Protein chains: 2
Amino acid sequence: MTEQSATTNRQWRVKRYPATDEPVSNDLFDWVESPLPEPDDGEFLVRTLYLAPGPAMRGYLEPGHAGFFSTVPVGEVMRGRGIGEVVSSNHPDYQPGDIFVGSLGWQDYSVQTPRGKEFVFSTKKVEEPPEPLSLELGMLGQAGVTAYISLTEGGNIKAGDTVLISAAAGGVGSAAGQIAKALGAKRVVGLSSSTEKCAWLVDNLGLDAALNYRNDDFDAQLEQQFPDGIDVYLDSVGGEVLNTVLAHLAMHGRVAVCGFISTDYDPAAAAGPINYRHLLYKRGRMQGTVVFDHWERFGDIEAQLRAWHQSGDIKLCEDVTEGLVNMPQAVEDLFCGNNLGVKICKVA
Amino acid sequence: MTEQSATTNRQWRVKRYPATDEPVSNDLFDWVESPLPEPDDGEFLVRTLYLAPGPAMRGYLEPGHAGFFSTVPVGEVMRGRGIGEVVSSNHPDYQPGDIFVGSLGWQDYSVQTPRGKEFVFSTKKVEEPPEPLSLELGMLGQAGVTAYISLTEGGNIKAGDTVLISAAAGGVGSAAGQIAKALGAKRVVGLSSSTEKCAWLVDNLGLDAALNYRNDDFDAQLEQQFPDGIDVYLDSVGGEVLNTVLAHLAMHGRVAVCGFISTDYDPAAAAGPINYRHLLYKRGRMQGTVVFDHWERFGDIEAQLRAWHQSGDIKLCEDVTEGLVNMPQAVEDLFCGNNLGVKICKVA
């Protein structure tokens, strides 16, 4: 069944966990079609409209993962953040037609409470739904807030800073590049893996420059772009790119660590950044930031992001996968660098 | 000539730079015996009493070293911090018998000005010379101040923290362990490379425990010592020990980077710390601190160190090499972990 129905709940349930070097694919899941669940007192039923594929999802499938989330048990619906519409309700504050964002899972329908049934980023009724709704999952939601918090906490960004953004055409990256400009950075350069994406970063997102980290002269290009060094590096990638960048830190430069997607497949086989030595030479720092630690700032940041969106300082850039059936591939795409902007899966 | 003379200036001059894996030895230097230099107007002549061998000295002999000091040119007297006595003076504020600490070089006599002729840590007349004088070079001087600043800046140490000190029987390490206790750390554990040094750390320095990082069960022992993780790791060592320790960081743990002696010989061949990933999991940070950036704090810190020394909270622990002729070996000893406490070379 490829279309959402009003009577059947399509679900991706975890069948098994991937081997170390195995991509995320349909093979890891069972496609199940069930009856719609029934909300109890105080609960309501949400129909999924969009899901937000994220690299953390691979970690949900790794028992013993050292990260900050639990493994999804085999047999359960795969975890995933999404936005949807209330279709029936036994809660006085929720009416059919209300828009709800939270952990909906890889499925068409889920029973929810105002605080959600599971913790994944913020969970709430969206009082002023943006157009398109997917903005609430991406640029104005998790991607935007993550970028903002990483730049300001781990990166301690200041007006006039020079900023380098890893995976700049990705979800958090495409938000971060624009937000860094909006926060007054003097120069914002993005990293990406192809000439096409680099052109998109400059032409579409308005970054000052973009570099393909796969080029042989990447190190020399960094030197050219940052003759006085990099004040803030927002790093979601890790690996050899991080190592190269560390040697270009400015005095008192900051590396905001928010991921290491290049080594997520097999951390044990990856090389560590020996150029962390430059943290001493440059009196620099590397700091990990997790958005969940900063709940109290979410409201203000979301308001700021909406204001920037309205003024045109940050713009929508989404890469939409159509259909719940394609969620596994949408996640794998993130590891292949196949997206331009925030990855979104349109479910209905 | 093995004894200091009143008429001859013995010097170690740089002959050549070491190969990548070559130890520091007499082969790198020429032993020269010259007449005493003459101070000009505003200058004075200092007789070297003690020198402080330091691991940075190897870096002085590496052209293109990425650190924060210059290479000593071939043919020049080897750079080195020391303490000495003014023997003649053409400066109104300096009289024979005054004690002066600064960059004296690997030699018996040097011409100095109140600000010194070269920058190495602080340069000053010592108004209240401690007993023994070498304290001013070590526990109450560069080793103590470096330890204090690294613990408080990079480590952001707070009362009640759990603290791990690398190279804890070394110069900075033996100061840092005691200073961490004096600053109110709940638990201070030192790392060292032998059973004997570990016993010394507990019995003589009063650390809560000491671990031999060469033991096969080092990782398990860290877990046992720090079931709730490490709040502050003062790291002068780097390498595999750093990598192992990173996995034991407490939430919001800090790694104060002040050196990487285990990889100084050949950084290109060394593995980076892939466990920097725990900076994200634990919301931790690694930060490099260079004491020279914190001049303005030196006076207060030195006063605090003297007060702790007088109250018995920190005690003298020095490893003395006798004779200027043995300076090259004294530096190499630091890389072999052959010292207990602050390495000092007694010149006169």
7 Å along Cα→Cβ, label-point gaps from B:SER5 to other copies, nm, shortest first
10.5
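Based solely on its DSSP helices, what 222 nm [θ] is calculated for the protein assembly as shown when runs of n ≥ 4 H residues each add -39,500 (n - 2.57) and the sum is averaged over all residues, nearest 500 deg cm²/dmol?
Taken over the protein assembly as shown, the calculation gives -6500 deg cm²/dmol.
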Measure up A:LYS282/B:LYS125; A:LYS181/A:LYS282; A:LYS186/B:LYS124; A:LYS158/B:LYS125; A:LYS186/A:LYS346; A:LYS15/A:LYS346 against 32 Å on the Cα-Cα distance and list the ones that go over.
A:LYS186/B:LYS124; A:LYS158/B:LYS125; A:LYS186/A:LYS346
Net charge of neighbours whose Cβ lies under 12 Å from the Cβ of A:GLY272, counting Lys and Arg as +1 and Asp and Glu as -1:
0
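Report the relative contact order of the range A:142-291, percent, no decimals, based on alpha-carbon pairs under 8 angstrom and at least 6 residues apart.
With pairs under 8 Å counted, the relative contact order is 24 percent.
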What number does the range B:149-196 give for Rg over Rh if you use C-alpha atoms and the Kirkwood radius?
0.97
How big is the Kirkwood radius of the range B:142-291, worked out from every pair of different alpha carbons and given in Å to one decimal?
14.8 Å
In nm, the gap between the two label points placed 7 Å beyond Cα toward Cβ at A:GLU127 and A:ALA303 is 1.0 nm
If you average the alpha carbon positions of the range B:65-140 and of the range B:207-273, how far apart do those two centres end up, in angstrom?
34 Å
Calculated FRET value between A:GLU196 and A:ARG115, using beta carbons and R₀ = 35 Å, to 0.05:
0.25
Sum up the charges of everything whose Cβ sits under 10 Å from the Cβ of B:ARG13, counting Lys and Arg as +1 and Asp and Glu as -1, but leave B:ARG13 out.
-1
Assuming 0.890 mPa s and 25 °C, estimate D for the protein assembly as shown with Stokes-Einstein, Rh taken as the Kirkwood radius over Cα pairs, in µm²/s.
88 µm²/s
Give me the angle, in degrees from 0 to 90, between the Cα long axis of helix B:295-311 and the longest principal axis of the Cα atoms of chain B, rounded to the nearest 10.
80 degrees
For the range B:313-346 and the range B:165-200, what is the separation of their C-alpha centers, rounded to whole Å?
17 Å
Considering the dipole of the protein assembly as shown built from charges on the beta carbon (Lys and Arg +1, Asp and Glu -1) around the Cα centre, which of A:GLN304, A:CYS345, B:LEU324 is farthest to its positive end?
A:GLN304
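Values quoted throughout were computed directly from the atomic coordinates according to the rules given, and no laboratory measurement underlies them. The structure displayed is predicted, hence computed values, not measured ones. Cβ coordinates were reconstructed from backbone atoms using ideal geometry, including for glycine residues, and neighbour counts include every protein chain displayed.
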